[in-house]
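S.K.: Below is the structure I would like to discuss, written out as structure tokens.
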Amino acid sequence: MLTLFTNRFQAYQPPQGVPVRITLGAPRFKLPYALTHSVRELAPHRDYLSRPEPEFAEAYRADLDQLGSARIAERLQQIAQAEGDHRLVLLCFEDLAKPAMWCHRRVFAAWWKEATGDEVRELSPMEGDGPYRQETLM
């Protein structure tokens, strides 16, 4: 069993589950928790990182399609088994409570839901207090 959540580095709390970095770079600020796991395969590539949201989402989703949900699940399951916790929290930098902010962790969440049927809940506050712009991320 695997239960996935998303959050930002600064809002993560250890009782939420196992923190997993899904960014190209690690935080350059001190974290109040150990960040021992990283899944670089889920980080967006530099070549489309600064593109507008629709272009970014299309390119990132194409990368996810190429990896496939089974391969991603296998990688995440390895972390869950090593930690003895089925709850993984995929972390990046963006503060989704800020107006018009978006990020790859929610693009991943929408893609994962389509690919597996499993919901990936955001744990930090989001603008509008509901599903964050998922209609634009699908």
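The values are calculated or read from the model by the stated rules, or taken from the named source; none is laboratory data. The shown structure was predicted, so the numbers you read here are calculated from the model rather than taken from an experiment. A quick note on method: Cβ atoms are made from the backbone with ideal geometry, for glycine too, and the neighbour counts reach across all protein chains shown.
S.K.: Go through (1) at pLDDT 95 or above; (2) more than 13 Å from Cys92 (Cα to Cα); (3) not charged (D, E, K, R) for Ser50 and report which single condition fails.
M.R.: Of (1) at pLDDT 95 or above; (2) more than 13 Å from Cys92 (Cα to Cα); (3) not charged (D, E, K, R), only one is false for Ser50: (1).
S.K.: Across segment 64-87, what is the number of residues that are within 17 Å of Pro15 (Cβ to Cβ) and either modelled with pLDDT under 95 or acidic (Asp, Glu) (or both)? Working first, answer last.
M.R.: Taking segment 64-87 first, the residues within 17 Å of Pro15 (Cβ to Cβ) are 80, 83-87.
Subsequent filtering for residues that are either modelled with pLDDT under 95 or acidic (Asp, Glu) (or both) retains 83, 85.
Adding up the residues that qualify gives 2.
S.K.: Looking at the structure I just gave you, is Asp95 more than 16 Å from Ala110 (Cα to Cα), out of contact with any His (no Cβ under 7 Å at 6 or more places or on another chain) and of a type in the set (Asp, Glu)? Break it down into steps so the answer makes sense when it comes.
M.R.: Values: more than 16 Å from Ala110 (Cα to Cα): yes; out of contact with any His (no Cβ under 7 Å at 6 or more places or on another chain): yes; of a type in the set (Asp, Glu): yes.
Against the criterion (more than 16 Å from Ala110 (Cα to Cα), out of contact with any His (no Cβ under 7 Å at 6 or more places or on another chain) and of a type in the set (Asp, Glu)), Asp95 qualifies.
S.K.: Shifting gears a bit: Tally the residues that are aromatic (Phe, Trp, Tyr) and at pLDDT below 95, restricting the search to segment 94-114.
M.R.: As a first pass, look at segment 94-114 and keep what is aromatic (Phe, Trp, Tyr): 102, 108, 111-112.
In the following step, the residues that additionally are at pLDDT below 95 were identified as 102.
Adding up the residues that qualify gives 1.
S.K.: For Arg8, are the conditions met, namely being in contact with a Ser or Thr (Cβ under 6 Å, 6 or more places away or on another chain) and within 24 Å of Pro125 (Cβ to Cβ)?
M.R.: The answer is yes for Arg8.
S.K.: Now for a separate question. Scan segment 72-105 for residues that are among the charged types (D, E, K, R) and free of Cβ contacts under 8 Å to residues at least 24 places away in the same chain and report the count.
M.R.: Number satisfying all stated conditions: 1.
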